[in-house]
Amino acid sequence: MNARYRPLMATTLIFIVAYALCVSQYPGMWSTRVLGNFLTDNAFLGVAAVGATFVIISGGIDLSVGAVIGLTGVVTAILITRLGLHPLVVFPLVLALAALFGAVMGAVIHFLRVPPFIVTLAGMFLARGLASVLTQDSIPIDHEFYRTVSSLYIKLPGGGRLSAIGLTMLAVFAIFGLVAHKTRFGSYVYAIGGNPVSAALMGVPTGRTTVAIYALSSFLGGLSGIIYSLYTSAGYPLAAVGIELDSIAAVVIGGTLLTGGYGFIFGTLIGVMLQGLVQTFIVFDGTLSSWWTKIAIGFLLFMFILLQNLVFNRQNGPAHLRKGPA
Amino acid sequence: MRAQSLSHLFSHQVIALAGVLLINWMVFPGFFDVTWKDGRLFGSLIDVINRGAPVAILAIGMTPIIATRGVDLSVGAVMAVAGAVAATFTVAGHPLVVTLAAALAVAIACGLWNGLLIAFLGIQPFVATLVLMVAGRGLAQLITEGSIVTFSDPALIFIGTGSLLGLPMPAVIALLLMLGAHLFVRRTAMGLFIEAIGTNRSAATYTGLRSRSLILAIYAFGGFCAGVAGIIAAADIRGADANNAGLWLELDAILAVVIGGTSLLGGRFSIPLSVLGAIIIQAMNTGILVSGFPPEFNLIVKAGVIMIILILQSARLGEIVAAIRTKNPLGRKTP
Amino acid sequence: AGMTVGFSQIGSESGWRAAETSVTKQEAEKRGITLKFADAQQKQENQIKAIRGFIAQGVDAILVAPVVATGWEEVLGEAKEAEIPVVLLDRGVEAPQDLYLTSVASDQVKEGRVAGEWLVKTVGDKPCKVVELQGTVGSTPAINRKKGFEEAISGHSNITIARSQTGDFTRAKGKEVMEGFLKAENGGKDICAMYAHNDDMAVGGIQAIKDAGLKPGKDILVVSIDAVPDIFAAMAAGEANATVELTPNMAGPAFDALEAFKKDGKQPEKFIITESKLYTPADNPQGEYEARKGLGY
Amino acid sequence: MTNDQRAVLQATGITKTFGSHAALKNVDIAFQAGEVHALLGENGAGKSTLIKILTGAYSLDQGTIRLDGEEVSFATPLQAQALGIGTVYQEVNLLPNMTVMDNLYIGRQPRRFGLVDRKRMEREARAVLSGYGLDIDVRADLSTFSVAVQQIVAIARAVALSGKVLILDEPTASLDAAEVEKLFDIVRRLKARGLAIVFITHFLDQVFALSDRVTVLRNGQLIGTRAISDINRTEVVKMMLGKDLALHHGEILAEESEVGETLVSLRDYGLKGRVEPINLDIHRGEVIGVAGLLGSGRTEMARLLFGIDTADSGRIAVDGRDATIRSPRDAVALGFGFCPEDRKLDGIFGDLSVRENIVMAMQARLGWFRALTRDEQMEIAGNYIEALDIRTASAELPVKLLSGGNQQKVILARWLATDPRFLILDEPTRGIDVGAHAEIVRVISRLREDGLALVVISSELDEVVSYSSRVVVMRDRAIAAELHGADINVARIVETIASHHAEAEQ
Ligand SMILES: Nc1ncnc2c1ncn2[C@@H]1O[C@H](COP(=O)(O)OP(=O)(O)OP(=O)(O)O)[C@@H](O)[C@H]1O
Ligand SMILES: Nc1ncnc2c1ncn2[C@@H]1O[C@H](COP(=O)(O)OP(=O)(O)OP(=O)(O)O)[C@@H](O)[C@H]1O
Ligand SMILES: [Mg+2]
Ligand SMILES: [Mg+2]
């Protein structure tokens, strides 16, 4: 088997083993209800993490997603409730705005060569700030369309629900999996992550691609914001605080290298599910205090990273002396 | 050499600081007023260096880490841990020396843990330190059991609120730490090695550098600095607030280092400039406080100022401007 | 056997919150209730996940301390479908009332109003410039406590809010913001009172006032909300003037209602409002401090 | 220069300055259809810079570029590519994290229904590479292949892209004779198809074997363009250096009897799967040349000797005492030094100054606390810059701005500064100009005379012959033979390398 699939296999394997362990502890976790909830409850995180995967494969980072989610939610809520626009009119509009926001960040990163960490940090402040200026309060969205969509689901045997937003997330993974692995744009993303100078010399349109990558990330942040607003039927400026770190963690747990150049969209799905698994496990356990919850999350994160490291790092020497993937 | 240190005076950072201070003065004319009160200096300018001290101290520890292409996301959590340890020890009646030693030892242990994961297990710094960022705050809460542990040991409180020669203690500590760290890395070969590892880790190994122990030491130092900052933060409010101490300060510290001109891709670094970066950030925060803007604008102002500073600092902008100038025959010639 | 109750707590962002958690655990233990506790780390999505997890486990009842008011309709609907009663703690939600059994909460607007009314009464007709330390921008208590306070002082033109900034509900930020205010208002000489949305910020603010060489409680009046032990300590030292209690015991009434409902289907009142009691130095602050110290604040 | 009618690509008055340093001064050059045009010059003469300007990788300060008589200005390499200029830049510039076929096709992958058709890409990639005698799994990451394979992939990519002009910047630096011959075949075919081919190399043999015209640059200035028939080696060298160079072939052949006592002695020293057990004694005052085909395990042996990989069998003794070498640090402590093959990846600290690069190993040995003062550093760096004739504007210049050959000298200087007893040089003359080449060969001999032990790995057999006291031939990751005295000549080495089957049968 091709060596590049090893991290992916490792992650998947760890997920299956971890899930099996959880089920052996709490048999209730093996139900369509829990499985359905996995998809629904992590939909917005999943969608945002797809964007983060692209950014990270290209060797960058996007700290602004959480704020973009918040801002999109607020703008959506305002346009629907205050201006009375139909959600189907609002969605394309906010998605376009989100993409534009990302494109500007991408342009600053590429053309002015300011590090992405900083540009997107400023982007995060800006988006959160704009959202708070627009409203401080949570704005409930009371619209026929919202009620319909948020209660749209396929009933699974055993009481589980496969919701519309859960399916949307799966669709996003499928579509952008294709984009990453099967289009020229996707290969440019990997190329820039591998070595931007070489990529430019080989004729990769690095400027256009970088702008597109951040536009894509913010676009998916916007989509995630819409999903979040459907999920909670509201727009809230403080929604999804800190989600950027969760999504980065999901991406990395999914086997993508933070240094860029290597990674898989599917791995991110596993990474998101793993995080969902941890939280569900903690809820099922129900005895952890606030602080033990944090320690447990940190500990499990550590275990995943460690296992992953052990599974596909053994036969080679120290990471920095190898030229290939870690 | 002399010419070089002189040119520091006109570095981007100094200009940025001057700009921010100027704006502060425009929104609040009393900004530069400094008075002598109760044996210490008093004024907004003093607040800037006092409040900027914790981030400055974090930035001192963060600079070598970033210079080796790393990052430490856990410093905020380590602050909370150190504060919690210090508070519980002093409440339990231990003398100041023991209290400080315990808090710093725990903080250094946190740094060593990060360093171990990064240098010896080869885990990427961002995720390796993410572990402690999440778990560390839990650890701090475990120590304080979720409540704010207040204390009244005057010696400990002095560290956060006292003053020496009229200057607030946190600022004095930050200054000493900066000088110490700067002289240490520049007078020993440490600085050279850090820059070498950050520039090309593989070549550093081939050259026989002790990369691993150096990286371990750097993260331990980062932990130490976070510990100092944590003690100051706790002493300042006479209590260990495990939930909020140092919350999100890791981002400010990283930002300070970047404003100070150290690249996130590693290599060249300057500890004094990082401290200057921290002061710039705090000047901006204090400016927002005294300006009287409604708080919902805080983040927007901050985002704007950061972008302006970094764009001005961007080497690329210099190139673009230079290109425009050379195309323009009337423009002055750039060296 | 006793009930199994799931409790979705917001997090442990303040001493008051920690006290609420520990009081809830004590109350559950007292009644032989098995408590499943889930900390949401300040995130609504985690709370929704937790509620869904409780439903999947088939608990007997669910307590939620909602982080925001909106966005609960669907998940509460699921609980209703699974016939699990839900009790809301310490704030309400914007959802149809049949989705939850009852809501045990304080009236946050009233808290602000009580604080404001105290100030109005205390200063009388004298001109008074107030500085306000707000809670986290966008959080419900910050919005409501601001609103209530403004209502109370609205008819009194001698009282004005000179400056208002967010102190994020924390001591450190409260102190830093107050330092800035003192500089901006002529070294604090122009400030007559400090109103903080919670006691933690007030404690930080008090330290800033002392550092500036002024006497909190005398030169600058201090009024805040929550009634945590440390503000009583300050009050005992004459450094704070008033606080409005927000009781951490929301779970007691909630469990009472639940037990009654489970036993004979008795529908409790829809809104159980806890008292917003004003405490001043006249109310034996030292005693209050001792009484509250062990509650996990 | 007047407008050259037959020129496909023509540049006039090209000037480029980096900071205050003028890399190119008013250079005119024209490449014609159906010619192989060699671009020559010392390290740092400005060849690569000129290429980068011609292909849009750098912007130019002054001058004009014409393609087919029309003035063009490329903002990016992509635009140059689109107009039929294919380029292999110096220091393989590919994407190690992507598959071989992606590297060949990035930007122009075959598509079906808008998606990349990987099956077809794989088929075509295989076919293309087999034209270069390469039969590899094109779906594997490029990083899993040797430098040579990567070089061939880069060439194949450029050739496929070049409709009008093919530019090769030192393409043969890491290729062996057979591969060079294959490349030449391809170049000749393209020439016959009417392409203009620009060829940069430091191997004068190859220049005379392949090119039609030569252009020489010196210090960023055009020295002249000549037809190959009008010029001979000595004249080319003189144009490049501005002076005569005493060529010295076989001049310094060392007497084996002169060598000193044993310094390093290896007994069954090996690492499973990497290097078969080695038995070798290395003496003071001797140069052991290591010859062998690409991938024969020479670099692996060097890595093992220097502790980058740790041996799992056998013993190593230094000065008669058993030693353990588990890291480069251990090796350095024993007085070893190692100039790695891939200087960009493992050698230089790009952003650091020439001075810092030179003192690094010495300082590493001194440790954290005994820091060299700046003055000491300046003195050491200054001495080696002079001794090795390192061309740099100043000792404070970031080393990444030096030309390749000068970077190599900086790394050599770094080890010499540690006053080593034993030096391992892996391809020390790769990409180095004739002048510097002679210089390095001279340094090797001088070091030997000073009593150092050296192991020098090189693919240039002439060179190996010229300085080796003994030659070790490697094959299949094992030492196949040792040649002494009169056996040290190119013919004998080639014979030994080739006698694979004969020996295997015995
Ligand atoms: N980006 C840059 N910034 C500053 N100086 C540069 C830069 N690139 C090249 N130089 C300088 O320009 C000069 C020409 O370099 P160039 O790489 O073109 O030489 P070359 O002829 O290709 O040498 P070699 O044979 O070693 O490859 C050198 O002195 C080099 O240091
Ligand atoms: N990272 C690697 N993984 C697997 N095999 C490798 C790796 N690096 C090298 N090899 C293989 O090890 C063998 C020895 O390679 P080595 O680089 O030592 O050869 P060499 O003689 O130095 O050739 P070159 O002139 O290309 O440097 C070759 O068969 C090569 O393909
Ligand atoms: Mg070159
Ligand atoms: Mg080799």
Quiz item: Could you say which residue among D:R370, D:R414, D:R355 is assigned by TED's automatic domain parsing to the domain that holds D:G295, within 16 Å of ligand 1 (Cβ to nearest atom) and among the basic types (K, R)?
Solution: D:R355
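Working only within region C:178-200, note down all residues that are within 22 Å of C:V244 (Cα to Cα) and either under 19 Å from the mean Cα position of the chain (by Cα) or among the aliphatic types (A, V, I, L, M) (or both).
Going through region C:178-200, the residues within 22 Å of C:V244 (Cα to Cα) turn out to be C:178, C:191-200.
C:M178, C:I191, C:A193, C:M194, C:Y195, C:A196, C:H197, C:N198, C:D199, C:D200, listed by residue number.
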Exercise. Scan region D:431-442 and give yes if some residue there is open to solvent by 10 Å² or more (accessible area, probe 1.4 Å), within 30 Å of D:A177 (Cα to Cα), within 14 Å of chain B (Cβ to nearest Cβ) and within 16 Å of ligand 3 (Cβ to nearest atom), otherwise no.
Key: no
Practice problem: Taking the residues in region D:261-299 that are polar (S, T, N, Q) and within 16 Å of ligand 4 (Cβ to nearest atom) as candidates, determine which candidate is least open to solvent (accessible area, probe 1.4 Å). | Solution: D:S296
Practice problem: Six or more apart or on different chains, Cβ under 7 Å: which pairs go from a residue in region D:290-302 that's within 14 Å of chain B (Cβ to nearest Cβ) to one that's open to solvent by 10 Å² or more (accessible area, probe 1.4 Å) and within 6 Å of ligand 2 (Cβ to nearest atom)? Could you list them? | Solution: D:T299/D:E341
Quiz prompt | Residue count for region B:237-249, restricted to those that are open to solvent by 10 Å² or more (accessible area, probe 1.4 Å) and assigned to a helix (DSSP H, G or I) | solution = 1
Self-check item: Scan of region A:178-237 for residues that are aromatic (F, W, Y) and part of a helix (DSSP H, G or I), ordered by number
Solution: A:F185, A:Y188, A:Y190, A:Y214, A:F219, A:Y228, A:Y231
Self-check item: Filter result (more than 14 Å from chain B (Cβ to nearest Cβ) and in contact with a strand residue (DSSP E or B) (Cβ under 6 Å, 6 or more places away or on another chain)) within region C:217-239
Solution: C:I220, C:L221, C:V222, C:V223, C:S224, C:I225, C:A227
Exercise. Output the qualifying pairs, or none if there are none: Cβ atoms under 6 angstrom, residues six or more apart or on different chains, first residue in region D:25-49 and under 28 Å from D:A192 (Cα atoms), second residue among the β-branched types (V, I, T) and assigned to a helix (DSSP H, G or I).
Key: D:A38/D:V207
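For D:A486, indicate whether it is without any contact (Cβ under 8 Å) to a residue 40 or more places away in the chain, of a type outside the set (S, T, N, Q) and surrounded by fewer than 18 Cβ atoms within 10 Å (Cβ to Cβ). Don't jump to the end; show me each part of the working.
On the way: without any contact (Cβ under 8 Å) to a residue 40 or more places away in the chain: yes; of a type outside the set (S, T, N, Q): yes; surrounded by fewer than 18 Cβ atoms within 10 Å (Cβ to Cβ): yes.
It is true that D:A486 is without any contact (Cβ under 8 Å) to a residue 40 or more places away in the chain, of a type outside the set (S, T, N, Q) and surrounded by fewer than 18 Cβ atoms within 10 Å (Cβ to Cβ).
Based on what the data block shows, is D:I29 within 16 Å of ligand 3 (Cβ to nearest atom) and more than 14 Å from chain A (Cβ to nearest Cβ)?
Numbers: within 16 Å of ligand 3 (Cβ to nearest atom): yes; more than 14 Å from chain A (Cβ to nearest Cβ): yes.
Yes, satisfied.
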Practice problem: Report the residue count in region B:191-202 for those that are more than 7 Å from chain D (Cβ to nearest Cβ) and open to solvent by 20 Å² or more (accessible area, probe 1.4 Å). | Solution: 1
Self-check item: Residues located in region B:208-225, provided they are hydrophobic (A, V, I, L, M, F, W, C) and either within 17 Å of B:A119 (Cβ to Cβ) or open to solvent by 10 Å² or more (accessible area, probe 1.4 Å) (or both)
Solution: B:L209, B:L214, B:I215, B:L216, B:A217, B:I218, B:A220, B:F221, B:F224
Quiz item: Condition test on C:K36, is it open to solvent by 10 Å² or more (accessible area, probe 1.4 Å), in contact (Cβ under 8 Å) with a residue 60 or more places away in the chain and assigned to a strand (DSSP E or B)?
Solution: no
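On the basis of being more than 16 Å from ligand 3 (Cβ to nearest atom) and away from every other protein chain (no Cβ under 14 Å), does D:E124 make the cut?
Numbers: more than 16 Å from ligand 3 (Cβ to nearest atom): yes; away from every other protein chain (no Cβ under 14 Å): yes.
Against the criterion (more than 16 Å from ligand 3 (Cβ to nearest atom) and away from every other protein chain (no Cβ under 14 Å)), D:E124 qualifies.
Please work out which residue is most open to solvent (accessible area, probe 1.4 Å), limiting yourself to region A:279-302 and to residues that are among the aromatic types (F, W, Y) and more than 8 Å from chain B (Cβ to nearest Cβ). Even if it seems obvious, please write down each step before you answer.
Quick first cut of region A:279-302, residues among the aromatic types (F, W, Y) only: A:281, A:284, A:291-292, A:299, A:302.
Then keep just the ones that are more than 8 Å from chain B (Cβ to nearest Cβ); that gives A:281, A:284.
Numbers: A:F281: 62, A:F284: 5 Å².
By that ranking, first place goes to A:F281.
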Exercise. Kindly indicate the residue of region A:249-276 that is open to solvent by less than 30 Å² (accessible area, probe 1.4 Å) and at the interface with another protein chain (Cβ under 7 Å from one of its Cβ atoms) and also nearest to A:I139 (Cα to Cα) among those meeting that condition.
Key: A:A249
Quiz item: Out of region D:42-73, which residues are assigned to a loop (DSSP other than H, G, I, E, B) and within 16 Å of ligand 3 (Cβ to nearest atom)?
Solution: D:E42, D:N43, D:G44, D:A45, D:G46, D:T55, D:A57, D:Y58
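For region A:1-62, list the helices (runs of 4 or more DSSP H) that sit wholly inside it and hold at least 1 residues that are out of contact with any Gly (no Cβ under 8 Å at 6 or more places or on another chain), among the aliphatic types (A, V, I, L, M) and closer than 23 Å to A:H181 by Cβ; which are they? Reasoning before the result, please.
Working: elements: A:6-25, A:32-41, A:43-57.
In region A:1-62, A:6-25, A:43-57 are the helices (runs of 4 or more DSSP H) which contain 1 or more residues that are out of contact with any Gly (no Cβ under 8 Å at 6 or more places or on another chain), among the aliphatic types (A, V, I, L, M) and closer than 23 Å to A:H181 by Cβ.
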Exercise. Report yes if D:V180 is within 16 Å of ligand 3 (Cβ to nearest atom) and either in the same structural domain as D:E70 (by TED's automatic domain parsing) or within 30 Å of A:V179 (Cα to Cα) (or both), otherwise no.
Key: no
Quiz item: Got at least one residue in region D:107-114 being within 16 Å of ligand 4 (Cβ to nearest atom) and either of a type in the set (A, V, I, L, M) or part of a loop (DSSP other than H, G, I, E, B) (or both)?
Solution: no
Self-check item: Candidate set from region D:331-348 (those that are under 25 Å from D:A317 (Cα atoms) and open to solvent by less than 10 Å² (accessible area, probe 1.4 Å)); member that is farthest from the other protein chains (Cβ to nearest Cβ)
Solution: D:G335
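Quick one: count up the residues across region C:221-233 that are crowded, with 24+ Cβ neighbours inside 10 Å and either over 17 Å from the mean Cα position of the chain (by Cα) or over 15 Å from C:G15 (Cα atoms) (or both). Walk me through how you get there before you give the answer.
Step one: filter region C:221-233 for residues crowded, with 24+ Cβ neighbours inside 10 Å, giving C:222-228, C:230-232.
Narrowing the set further to residues that are either over 17 Å from the mean Cα position of the chain (by Cα) or over 15 Å from C:G15 (Cα atoms) (or both) leaves C:222-223.
Matching residues across region C:221-233 total 2.
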Quiz item: Take the residues of region B:66-125 that are closer than 30 Å to B:S211 by Cβ and of a type in the set (F, W, Y): which is modelled with the highest pLDDT?
Solution: B:W113
Exercise. Please verify whether region D:102-109 includes one or more residues that are within 23 Å of D:E170 (Cα to Cα), crowded, with 23+ Cβ neighbours inside 10 Å and within 16 Å of ligand 3 (Cβ to nearest atom).
Key: no
Quiz prompt | Qualifying position, being within 19 Å of B:G246 (Cα to Cα) and either open to solvent by 10 Å² or more (accessible area, probe 1.4 Å) or within 11 Å of chain A (Cβ to nearest Cβ) (or both), among B:T150, B:T205, B:T188 | solution = B:T150
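Table: residues versus (1) more than 24 Å from the chain's Cα centre (by Cα); (2) outside the structural domain of D:R218 (by TED's automatic domain parsing); (3) open to solvent by 10 Å² or more (accessible area, probe 1.4 Å); (4) not acidic (D, E).
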{"residue": "D:L129", "(1), (2), (3), (4)": "no, yes, no, yes"}
{"residue": "D:V149", "(1), (2), (3), (4)": "no, no, yes, yes"}
{"residue": "D:I167", "(1), (2), (3), (4)": "no, no, no, yes"}
{"residue": "D:E170", "(1), (2), (3), (4)": "no, no, yes, no"}
{"residue": "D:D176", "(1), (2), (3), (4)": "no, no, yes, no"}
{"residue": "D:R189", "(1), (2), (3), (4)": "yes, no, yes, yes"}
{"residue": "D:L195", "(1), (2), (3), (4)": "yes, no, no, yes"}
{"residue": "D:V198", "(1), (2), (3), (4)": "no, no, no, yes"}
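The values are calculated or read from the model by the stated rules, or taken from the named source; none is laboratory data. Every value quoted in this text rests on a predicted model; they were computed, and no experiment measured them. Counting neighbours? That spans all protein chains shown, and the Cβs are built from the backbone with ideal geometry, glycine included. Accessible surface areas use protein heavy atoms only, side chains included; no ligands, DNA or RNA. Shrake-Rupley method; radii C 1.70, N 1.55, O 1.52, S 1.80 Å.
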